[in-house]
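> Pasting in a structure now, in structure tokens, and then I'll have a few things to ask.
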Amino acid sequence: MRIYLADLGHNLLTKSSDVYPLGVANLVTYAAAHLRSSPTAGKPEFALFREPQDLKAAIDRAAPDVLGLSNYAWNEELSHHFASYAKKKHPRTLTVMGGPNWPLVDAVQETFLRSLPDVDCYVDGPTYEGERAFLNLLQRFSDVGARREGVFEAPVAGVTWIDPKTGSFVKAAEIERIQDLDEIPSPYTSGWMDPFLSTGYFPMMQIARGCPFTCAFCNSGVKSNSRVFAHSVQNVKDDLLYLAERIKPEITLCFADDNFGMYERDEEIADYIGWLQDTYNWPRYIRTTTGKNKGERIIKVMRKVRGALPMTAAVQSMNPVVLKNIKRDNIKLSTYMEIQAELDSMGMQSYGELILCLPGETRQSFMKAVNDLLDAGAKRISAHQLMLLHGAELANPDQREKFKFDTRFRVVARNIGDFTGEPIIEVEEMVVATPDFSFQDYLDTRVFHLLLTIFYYEGNYEEPFAYAQQHGVKAFDLVVRMQQLLAEAPPEFRRVIDDFLVETKQEIFMSRQACLDWAKAHYAELVDGTLGGNLLSKYSMIGRFVATQAGLDFLELATSRVLGERGVRFDAKELATIFEYLRAVVLHVPFAEALPQRVQWRTEHDVETWIAERYAKPLAGYRFDAPRTYVAEAAPDKRALIETKLATFGEHPSGLGKFTRTMFARDLRRSFAPARPRLEGAKA
């Protein structure tokens with residue numbers, strides 16, 4: 001009995017999903033441990049797939065008896081396409097989908113499943129967990145002699161389908177969640193993840209499942225997912241050690257947890273990660289979602305992992321009306337500020353997250369939230385689109401009607417491909433206006449956030465902002481003024497903003513079908529990057545790495561203008577020195593030219609010490625007795641890190657957006673050393 005399990009991701013432009021296929025690997029190890037084979041079905045043979053090309057080749061060689069496909073918002077069409085492809089090759093293949101991209105309301109589930117005619121079954125429960133339900137389905141398939149039609153003779157707990165004979169919607173009872181996650185044999189120590197160790201993908205682990213919060217916009221917030229169950233700490237340590245002994249140090253570690261750092265066990269795990277860092281120099285960067293309360297514990301965890309874990313303040317909104325509408329509890333701003341102060345003392349960063357167009361949000365309340373987060377010390381603020389995700393309460397019909405969402409459809413960024421001779425295009429639905437947040441508000445806040453991302457994100461250009469802050473101008477006010485001064489920006493940079501606005505309006509459609517029709521007609525432009533992609537990421541990468549010098553010119557103009565308008569006395573030469581420094585150290589595309597380049601810089605100020613001391617006093621206090629000359633060049637370890645990321649993701653704006661997510665701004669700069677004096681008689 002041949003069983004293929006695939007967690008597919010688009011990879012035409014860049015890797016749209018960059019982690020190991022943990023979910024389907026768990027299905028394999030659990031089923032392999034518990035499935036009872038039957039004489040008529042034969043012994044089960046499992047195969048695991050990540051790349052669409054590999055799955056196609058396997059189906060062409062030998063069609064599976066069962067094809068299981070993960071279903072997320074970013075791969076729904078891709079998974080359905082391969083279900084159809086397998087059916088064409090072998091109509092008797094049992095095609096199964098499962099995953100969180102599944103509606104909550106039965107009537108919508110039925111409509112959704114009928115829109116996927118080549119999917120026989122959906123493993124739908126409990127939410128975020130498919131091991132037991134998938135095992136039930138495989139056991140039924142095995143017991144009936146691997147006959148597809150035999151599966152539908154009686155309901156299977158945790159599985160939903162459209163009956164192939166009667167056409168009726170069949171939904172079985174939900175099953176209990178797994179409370180001891182160690183019941184799932186590790187896909188790492190069992191060797192199932194070994195083929196992915198050298199692929200450039202990031203290892204994904206899950207310490208605990210479930211989320212006690214009930215956020216209406218998130219498909220983790222459903223009631224069935226509210227209890228938190230975990231692996232044993234020893235199990236987690238075993239997996240971490242297995243990886244540390246085999247993986248390159250620069251590869252990011254990812255946790256799929258919803259609230260990492262919030263639980264007592266996370267402290268013990270963090271201690272172990274600290275030991276791994278000392279012993280194996282890994283992990284250097286950890287990507288996850290940190291907890292929404294227990295601030296003191298989160299600080300302890302972050303300290304233990306040596307700054308590899310940034311904190312994410314996923315507040316989503318700070319408007320009390322909105323928080324009530326979305327059933328959200330936030331960490332107190334005062335607590336967040338205390339955490340940030342502690343992080344600053346450790347040289348660490350925190351991130352903030354907001355969502356546009358949440359019910360009850362206004363432009364004024366949204367901008368106030370940005371200002372408050374910046375004042376609290378957030379070094380990056382992500383302003384996400386409000387996606388109406390299957391499995392999230394806000395996507396339910398009654399919620400759509402209650403909040404009067406104005407929605408549009410667009411191509412999911414970077415999620416297109418052609419693997420069997422037919423274009424595959426993923427589409428998502430998002431909110432662009434509400435009664436309290438107009439479409440123009442939406443556009444204006446998008447531009448503001450683009451500017452914030454280019455210039456302020458993670459300290460990209462923190463030095464001018466620190467200089468302005470020392471003269472009484474906040475980062476928020478400087479970026480607001482930049483938006484007002486866009487007409488005076490250098491043409492190259494102004495074109496970045498203009499193109500962003502054009503594409504922002506161009507990428508959204510009134511219906512899913514209209515979006516698909518447009519995408520198919522413009523498929524070539526979507527492939528070459530002329531159109532589409534994650535526009536905020538795409539244009540922030542262009543503004544930061546392509547129009548680099550024009551962007552620095554604009555930031556210098558705006559900083560000088562704001563200081564002048566406020567009647568602030570400042571030294572124009574000091575400000576110029578800061579920007580000369582940035583032009584010398586900041587790397588840009590093409591990296592093949594920028595990485596080996598050595599840049600000479602002569603200065604009267606010790607800018608590097610000013611930065612190292614976290615702007616403890618005005619730049620005037622760091623003046624040299626006489627000008628000094630320095631040479632800036634990319635350090636070997638930084639070059640190696642960037643070249644590794646480029647090999648995986650490419651230099652296309654979409655690829656840059658992917659790999660810079662797991663790097664700090666300092667990793668994308670040259671380092672300074674004093675220029676060596678030329679010896680008398682040496683050749684030039």
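The values are calculated or read from the model by the stated rules, or taken from the named source; none is laboratory data. Bear in mind the structure is a predicted one, so any value in this text is a computation, not a measurement. For neighbour counting, all protein chains shown are included, and Cβ atoms are generated from backbone atoms with ideal geometry for every residue, glycine included.
> Under the condition of being within 28 Å of the chain's Cα centre (by Cα) and hydroxyl-bearing (S, T, Y), which residue from segment 656-684 is modelled with the lowest pLDDT? Give the derivation first.
From segment 656-684, those within 28 Å of the chain's Cα centre (by Cα) are 656-670; that's our starting set.
Then keep just the ones that are hydroxyl-bearing (S, T, Y); that gives 660, 662.
Working: T660: 80, T662: 71.
Among those that are within 28 Å of the chain's Cα centre (by Cα) and hydroxyl-bearing (S, T, Y), it is T662.
> If you go through segment 478-498 one residue at a time, do you hit one that is in contact with a Phe, Trp or Tyr (Cβ under 6 Å, 6 or more places away or on another chain), under 24 Å from K658 (Cα atoms) and acidic (D, E)?
No: segment 478-498 contains no residue that is in contact with a Phe, Trp or Tyr (Cβ under 6 Å, 6 or more places away or on another chain), under 24 Å from K658 (Cα atoms) and acidic (D, E).
> Then there is this: If you check Y201, Y242, Y285, which single one turns out to be over 18 Å from the mean Cα position of the chain (by Cα) and either of a type in the set (F, W, Y) or surrounded by 23 or more Cβ atoms within 10 Å (Cβ to Cβ) (or both)?
On the way: Y201 fails: over 18 Å from the mean Cα position of the chain (by Cα); Y285 fails: over 18 Å from the mean Cα position of the chain (by Cα).
Unique residue meeting the criteria: Y242.
> Next question. Return the residue satisfying two criteria in turn: it lies in segment 307-330 and is surrounded by fewer than 19 Cβ atoms within 10 Å (Cβ to Cβ) and under 22 Å from the mean Cα position of the chain (by Cα), and of such residues it is farthest from T279 (Cα to Cα).
Looking at the filtered set, the residue picked out is N330.
> Now for a separate question. Could you identify the single residue in A157, A172, A146 that is touching a Ser or Thr at 6+ places or on another chain (Cβ under 9 Å) and without any contact (Cβ under 8 Å) to a residue 40 or more places away in the chain?
Details: A157 fails: touching a Ser or Thr at 6+ places or on another chain (Cβ under 9 Å); A146 fails: without any contact (Cβ under 8 Å) to a residue 40 or more places away in the chain.
Result of the check over A157, A172, A146: A172.
> Could you please find all residues in segment 331-381 being assigned to a helix (DSSP H, G or I), surrounded by 20 or more Cβ atoms within 10 Å (Cβ to Cβ) and β-branched (V, I, T)?
Across segment 331-381, the qualifying residues are I339, V370.
> A further question follows. How many of the residues making up segment 131-155 are touching a helix residue (DSSP H, G or I) at 6+ places or on another chain (Cβ under 6 Å) and more than 20 Å from K43 (Cα to Cα)?
Our first condition is that a residue be touching a helix residue (DSSP H, G or I) at 6+ places or on another chain (Cβ under 6 Å); within segment 131-155, this holds for 131, 134-135, 138, 140-141, 144, 151.
Subset that is more than 20 Å from K43 (Cα to Cα): none.
Summing the residues that are touching a helix residue (DSSP H, G or I) at 6+ places or on another chain (Cβ under 6 Å) and more than 20 Å from K43 (Cα to Cα) in segment 131-155 gives 0.
> Separate question: Can you name the residue in segment 192-212 that is of a type in the set (A, V, I, L, M, F, W, C) and not in a loop (DSSP other than H, G, I, E, B) and is also farthest from D329 (Cα to Cα) among such residues? So that I can check it myself, show each step before the final result.
Of the residues in segment 192-212, the ones of a type in the set (A, V, I, L, M, F, W, C) are 192-193, 196-197, 202, 204-205, 207-208, 211.
Okay, now just the ones that are also not in a loop (DSSP other than H, G, I, E, B), so 196, 202, 204-205, 208.
Working: F196: 38, F202: 31, M204: 27, M205: 26, A208: 20 Å.
Per the stated criteria, the residue is F196.
Listed here are the residues, each with its yes/no results for (1) among the aliphatic types (A, V, I, L, M); (2) at pLDDT below 95; (3) in contact with a helix residue (DSSP H, G or I) (Cβ under 7 Å, 6 or more places away or on another chain).
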site: V24; (1), (2), (3): yes, no, no
site: V28; (1), (2), (3): yes, no, no
site: F46; (1), (2), (3): no, no, yes
site: A63; (1), (2), (3): yes, yes, yes
site: S79; (1), (2), (3): no, no, no
site: S84; (1), (2), (3): no, no, no
site: F112; (1), (2), (3): no, no, no
site: E129; (1), (2), (3): no, yes, no
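> Does F500 meet the test of being over 17 Å from I424 (Cα atoms), among the hydrophobic types (A, V, I, L, M, F, W, C), surrounded by 14 or more Cβ atoms within 10 Å (Cβ to Cβ) and in contact with an Asp or Glu (Cβ under 8 Å, 6 or more places away or on another chain)? Spell out how you get there, then give the answer.
Numbers: over 17 Å from I424 (Cα atoms): yes; among the hydrophobic types (A, V, I, L, M, F, W, C): yes; surrounded by 14 or more Cβ atoms within 10 Å (Cβ to Cβ): yes; in contact with an Asp or Glu (Cβ under 8 Å, 6 or more places away or on another chain): no.
It is false that F500 is over 17 Å from I424 (Cα atoms), among the hydrophobic types (A, V, I, L, M, F, W, C), surrounded by 14 or more Cβ atoms within 10 Å (Cβ to Cβ) and in contact with an Asp or Glu (Cβ under 8 Å, 6 or more places away or on another chain).
> Here's something else I'd like to know. Return the only residue of E393, E422, E428 being out of contact with any Asp or Glu (no Cβ under 8 Å at 6 or more places or on another chain), under 17 Å from N71 (Cβ atoms) and in contact (Cβ under 8 Å) with a residue 60 or more places away in the chain. Lay out the reasoning, then the answer.
Values: E393 fails: under 17 Å from N71 (Cβ atoms); E422 fails: under 17 Å from N71 (Cβ atoms).
Matching residue, one of E393, E422, E428: E428.
> Being of a type outside the set (D, E, K, R), at pLDDT 85 or above and farther than 21 Å from Q600 by Cβ is the filter here; which residues of segment 625-655 pass it?
Going through segment 625-655, the residues of a type outside the set (D, E, K, R) turn out to be 626-627, 629-632, 634-636, 640-642, 644, 646-650, 652-655.
Now restrict to residues that are at pLDDT 85 or above: 626-627, 629-632, 634-636, 640-642, 644, 646-647.
Correct list: A640, L641, I642, T644, L646, A647.
> Condition check: closer than 15 Å to F465 by Cβ and outside any helix (DSSP H, G or I). Does F570 satisfy that?
Considered against the rule, which asks whether it is closer than 15 Å to F465 by Cβ and outside any helix (DSSP H, G or I), F570 comes out as yes.
Matching residues to (1) within 26 Å of F664 (Cα to Cα); (2) polar (S, T, N, Q); (3) crowded, with 17+ Cβ neighbours inside 10 Å:
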residue	(1), (2), (3)
W610	yes, no, yes
A616	yes, no, no
D625	no, no, no
R628	no, no, no
A640	yes, no, no
F649	yes, no, yes
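> If you don't mind, there's one more thing I want to ask. Starting from segment 47-59, take each residue that is over 17 Å from S198 (Cβ atoms) and list its partners that are of a type in the set (K, R), counting only C-beta distances under 6 angstrom and pairs at least six apart or across chains.
As it stands, the answer is I59/K89, since those pairs meet every condition given.
> Enumerate the pairs (first residue in segment 296-315 and farther than 14 Å from I331 by Cα; second residue anywhere and at pLDDT below 90 and among the acidic types (D, E)) with beta-carbon separation below 9 Å, excluding pairs fewer than 6 apart on the same chain, so at least 6 apart or on different chains.
Correct list of pairs: M302/E342; R303/E342; P310/E458.
> Pull up segment 519-535, narrow it to residues that are surrounded by 21 or more Cβ atoms within 10 Å (Cβ to Cβ) and of a type in the set (A, V, I, L, M, F, W, C), then point me to the one that is modelled with the highest pLDDT. Write out each step before concluding.
Start the filter on segment 519-535 by keeping residues that are surrounded by 21 or more Cβ atoms within 10 Å (Cβ to Cβ), which leaves 519, 526, 532-533, 535.
Narrowing the set further to residues that are of a type in the set (A, V, I, L, M, F, W, C) leaves 519, 526, 535.
Numbers: A519: 96, L526: 91, L535: 91.
Here the residue is A519.
> Go through (1) surrounded by fewer than 19 Cβ atoms within 10 Å (Cβ to Cβ); (2) at pLDDT below 95; (3) touching an Asp or Glu at 6+ places or on another chain (Cβ under 9 Å); (4) not hydroxyl-bearing (S, T, Y) for N225 and report which single condition fails.
The single condition N225 does not satisfy is (1).
> Only residues that are touching a strand residue (DSSP E or B) at 6+ places or on another chain (Cβ under 6 Å) and aromatic (F, W, Y): list them for segment 507-522, please.
Within segment 507-522, just F509 meets the criteria.
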